[in-house]
Amino acid sequence: MRIILFGPPGVGKGTQAKLLSKKFRVRHISTGDILREAVAHETELGRKAKSSMDEGRLVPDEIMIALIRDVITDPRSKDGFILDGFPRTLTQAEALEELFQELRISLNIVINIEVKEEEIVHRLSSRWMCRNCRRIYSELVDSVPSDRRCPKCGGELYQRKDDKPETVRHRLNVYMQSTLPIKEFYRKKGLLVDVNGMGDVRSVTDRILSLLNHERP
Ligand code: AMP
């Protein structure tokens, strides 16, 4: 299974990818999580990516393309993966296509999750992440503990710097300008399917699952 979860920040790609990766036992590849970990560990990749991330800009294509090559050629990706946050530019989509050709693998489907813009800003400003296990909690649906500790692993819950409303608006503009054209790229290939991302997590998962049963070869 090789899937791309596509859509602007805040539509629930990370949440859905985690659930699907558990269900289908395939790797969840979140380029945002990989970069945040690199920043936390102050690696060379982290140093290169930090300022772009803090300001809600995209990390340069050449860095991201080298990163995705490493991750996809890693043995842990052999049985499939769910891509969350990559590709984000046409250049990245084309590079991914070339990499797939080189490895003689193909994509099953690109799931485009759709949510209204005002809901996105609202969702992101209510989002908390666990620094340890990367679980995502939302004040809108979960009771986020007042001691800000993750109920699953005890790790520290924090709000992402780039989830501030002004940075979110900037990220949405970046999405409209740089990422949206990818939709047509995959639509023309017959790989893109739209899913309504409004409503609770479970309903969205169910919509995706019924689509996968339908679409999976
Ligand atoms: P995310 O967690 O997917 O919202 O990603 C957080 C941030 O990481 C983005 O706002 C970008 O700065 C950076 N990032 C993640 N994936 C990519 C990508 N494919 N291309 C460029 N920048 C990325």
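Which members of region 177-199 meet the condition of being within 17 Å of V11 (Cα to Cα) and either without any contact (Cβ under 8 Å) to a residue 40 or more places away in the chain or over 18 Å from the mean Cα position of the chain (by Cα) (or both)?
L180, G199
More than 26 Å from R69 (Cα to Cα) and of a type outside the set (V, I, T): is that true of P181 in this structure?
Against the criterion (more than 26 Å from R69 (Cα to Cα) and of a type outside the set (V, I, T)), P181 does not qualify.
Please work out which residue is nearest to I3 (Cα to Cα), limiting yourself to region 35-57 and to residues that are buried (at least 19 other Cβ atoms within 10 Å of the Cβ) and near the ligand (Cβ under 8 Å from one of its atoms).
Result: L35.
Across region 80-99, which residue is nearest to V26 (Cα to Cα) among those that are away from the ligand (no atom under 14 Å from the Cβ) and free of Cβ contacts under 8 Å to residues at least 60 places away in the same chain?
So, considering only residues that are away from the ligand (no atom under 14 Å from the Cβ) and free of Cβ contacts under 8 Å to residues at least 60 places away in the same chain, the one nearest to V26 (Cα to Cα) is E97.
Of everything in region 58-79 that's closer than 29 Å to E184 by Cα and touching a residue at least 40 places away in the same chain (Cβ under 8 Å), which residue is nearest to the ligand (Cβ to nearest atom)?
Per the criteria, the residue is L58.
Can you tell me which residue among T15, T31 is of a type outside the set (A, V, I, L, M), under 21 Å from Y158 (Cα atoms) and under 8 Å from the mean Cα position of the chain (by Cα)? Step through it out loud before you land on a result.
Numbers: T15 fails: under 8 Å from the mean Cα position of the chain (by Cα).
After applying the criteria, what remains is T31.
Among residues belonging to region 158-217 that are among the acidic types (D, E) and modelled with pLDDT of 90 or more, point out the one that is surrounded by the most Cβ atoms within 10 Å (Cβ to Cβ).
My answer is D163.
Residues that are among the polar types (S, T, N, Q): find the strands (runs of 3 or more DSSP E) completely inside region 17-124 holding 1 or more of those.
Per the criteria, 27-30, 109-114.
Every residue, every condition in (1) of a type in the set (F, W, Y); (2) over 21 Å from K183 (Cα atoms); (3) crowded, with 17+ Cβ neighbours inside 10 Å; (4) in contact with a helix residue (DSSP H, G or I) (Cβ under 9 Å, 6 or more places away or on another chain), yes or no:
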residue: R69; (1), (2), (3), (4): no, yes, no, yes
residue: P75; (1), (2), (3), (4): no, yes, no, no
residue: F81; (1), (2), (3), (4): yes, no, yes, yes
residue: D84; (1), (2), (3), (4): no, no, yes, yes
residue: R88; (1), (2), (3), (4): no, no, yes, yes
residue: A95; (1), (2), (3), (4): no, no, yes, yes
residue: F100; (1), (2), (3), (4): yes, no, no, yes
residue: N112; (1), (2), (3), (4): no, no, yes, yes
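Looking only at region 53-82, how many residues end up being more than 17 Å from the chain's Cα centre (by Cα) and of a type in the set (G, A, S)?
1
Look at region 5-31 and say how many of its residues are more than 18 Å from R76 (Cβ to Cβ) and within 15 Å of the ligand (Cβ to nearest atom).
Going through region 5-31 one residue at a time, the tally reaches 12.
The values are calculated or read from the model by the stated rules, or taken from the named source; none is laboratory data. Bear in mind the structure is a predicted one, so any value in this text is a computation, not a measurement. Quick reminder, even Gly has a Cβ in these numbers, built from the backbone with ideal geometry, and neighbours come from all protein chains shown.
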